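Colleague: Pasting a structure below so you can have a look.
The values are calculated or read from the model by the stated rules, or taken from the named source; none is laboratory data. Keep in mind that this is a model prediction, so the values were computed, not measured. Note that we place each Cβ from the backbone using ideal geometry, even for glycine, and neighbour counts take in every protein chain shown. Ligands, DNA and RNA are excluded from the accessible area calculation, which covers all protein heavy atoms including side chains. Shrake-Rupley method; radii C 1.70, N 1.55, O 1.52, S 1.80 Å.
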Amino acid sequence: MSYLADLVSRTRDILQLRFSDLFASLPPRSLTAISPASAARRLLKVLGYAGLRLVGNVFQPIRNADNLGGAVWLYVVSQNNYEALHFVQEGLPGSVVVAGQSKQIGRYNKQVNRLSLRRKLLYYWQFPFVIAGLLRREGHRAWRFFDLIFNAIGYYEVYCRALRQYRPRAIIFANDHNDDARALLLAARRCGVPTAYVQHASVSTHFPPLGFDLSLLEGQDALDKYQQCGPVAGRVELVGMPKADTFLKQRNLNPTVQHLGIAANILDDSAALAELARHLHQEFPALTVTFRAHPGDPRDFSFLLQRHPGLQFSNARAQNVFEFLLQQDALIAADTSTHLEATLLNVASIYYRFNTHTGTDDYYGYVAHGLIQRADSLQEVTASLRRYQVQKPTDLFRRAAYYNATLGTPDEGHSQERALRMLREWLPARAHSHSQ
């Protein structure tokens, strides 16, 4: 394969999720927040990215607190990723958390070591060749998302250079589909650096195929879905949900519902969320209702508080999702992993959609597999809540066994120990085999 053909194929691999039918069919508001509908606005975004972020990176010194050379890297792309891998940092000596130079990691921004992206500028000459190749392969979608293609340019080369410079012992990921994470994974393969993956949230059949040397999945659900994504590479182990360990002993056994949470994701429509809040205020005035937006959602939801002064707010950038759920008896949400986390804590969870996008209907299959119940109207939400107010079962958590492999076993609540044990056993063997 020629250099340019290889470059186009690699960029297509890095942006795999962005070229899926699901991504292209997202609601216009959600899609515009990621990639503007107007070509002129996409061009402005590209110029702004190159000018402000990358030129800014050139003049922004990097002073890492940890020595990255020869360490085990824990690569994160979000606050949720950091929280999912923090136990590895604590339990695996010689491991350090790293992220791209300007990546926003929420409240953990200052705790993360940074990989320089200054040299990314040197690779933008590739863009015309990549966009031309992708236009031939993907047609209109390449033009529609040319800003995302531009953003992905250079990650692979910069990360290859970083791997040759620091020679990490291994890299552990919590994300397998963001462009920078996929670029680092491909760079690690090229440079012979062992890779592992710790699942940080529920997965879908739209994800890229598993391509790590070791994948630690939460349960059978994740493995079944990845097998539908394509060939599964490397060794796979089911370890349960490490981030839930410390909370599983605090399950909610309240027999009724007095505290209700609403968990919103980025795809949810603001007007539909407001309508639910109004309906709950009218139908359940005695309920304590807490609203929680996704930590990556930039919208201002303070208007809900103005309309409903009694509404509580959970700041996802400051409060862990399990800390939020421990204060709830029931949850209402659409397509979010919070349903699974709620069920594990025996919080009664109701699936109610806040948008009309059919491509994400029951995105994680929670309703289809009986984890949670569905409400298709506000009247059905009311009926479900009234049933739970009369009697909330104390064994809802058992429904999650398909998603959490340690549930009901001696390893329940010890997923961190299980995962760390497997990582420790794997690391010396992989390090030795890659040094041959």
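Colleague: How fast does the stretch 313-436 diffuse by Stokes-Einstein, in µm²/s, taking the Kirkwood radius from C-alpha pairs at 10 °C and 1.306 mPa s?
Modeller: On the way: Rh = 16.8 Å.
The diffusion coefficient I find is 94 µm²/s.
Colleague: Here is a follow-up. Any chance you could list P(r) for the stretch 18-70, counting all Cα-Cα pairs in 5 angstrom bins from zero, rounded to whole %?
Modeller: 4, 15, 15, 14, 14, 11, 11, 11, 5, 0
Colleague: First select every other residue whose beta carbon is under 14 angstrom from the beta carbon of Phe284; then total the charges, Lys and Arg +1, Asp and Glu -1.
Modeller: Around Phe284, the surrounding residues sum to +1.
Colleague: If only Cα atoms are counted, what is the Rg of the stretch 185-316, and what is its Dmax, in Å?
Modeller: Considering the stretch 185-316 through its Cα atoms, Rg and Dmax are 20.2, 60 Å.
Colleague: Order Leu214, Leu186, Leu43 by their accessible area, 1.4 angstrom probe, all chains in place, largest first. Working shown, then result.
Modeller: Working: Leu214 0, Leu186 20, Leu43 90 Å².
Correct descending sequence by accessible area is Leu43, Leu186, Leu214.
Colleague: Right, next: Which residue, Ala84, Ala222, Ala39, tops the fluctuation ranking in a GNM of the chain built on C-alpha contacts under 10 Å?
Modeller: Looking only at Ala84, Ala222, Ala39, the biggest GNM fluctuation is shown by Ala39.
Colleague: Between Ala40 and Gln111, what's the calculated FRET efficiency when r is the beta-carbon distance and R0 is 25 Å? Round to 0.05. Working shown, then result.
Modeller: Details: r = 38 Å, r/R0 = 1.54.
Working from the Cβ atoms, E equals 0.05.
Colleague: What angle do you read, to the nearest 10 degrees and between 0 and 90, between the alpha-carbon axis of helix 179-191 and the longest principal axis of the chain?
Modeller: 40
Colleague: Roughly how many Å² of Ile131 are accessible to a 1.4 Å probe, to the nearest 10?
Modeller: 20
Colleague: I'd like the carbon and sulfur percentage of the solvent accessible area for the chain, probe radius 1.4 Å, heavy atoms only, ligands and nucleic acids excluded.
Modeller: 53
Colleague: So how many Å³ per residue does the convex hull of the Cα atoms of the stretch 287-383 work out to?
Modeller: Given the Cα convex hull of the stretch 287-383, per-residue volume reads 121 Å³.
Colleague: Based on the Cα atoms of the stretch 133-194, what semi-axes does the equivalent ellipsoid have, where each is the square root of 5 times one gyration tensor eigenvalue, given in whole Å with the largest first?
Modeller: Its equivalent ellipsoid spans semi-axes of 27, 12, 9 Å.
Colleague: What translational D, rounded to a whole number of µm²/s, comes out for the chain from Stokes-Einstein when the hydrodynamic radius is the Kirkwood one over Cα pairs, at 25 °C and 0.890 mPa s?
Modeller: In µm²/s, the coefficient rounds to 107.
Colleague: Using the basic label-point model (7 angstrom from Cα toward the beta carbon), what is the Asp21 to Val367 distance in nanometres?
Modeller: With each label placed 7 Å out from Cα toward Cβ, I get 2.0 nm.
Colleague: Order Arg317, Arg374, Arg41, most accessible first, counting only protein heavy atoms with a 1.4 angstrom probe.
Modeller: These residues rank, largest area first, as Arg41, Arg317, Arg374.
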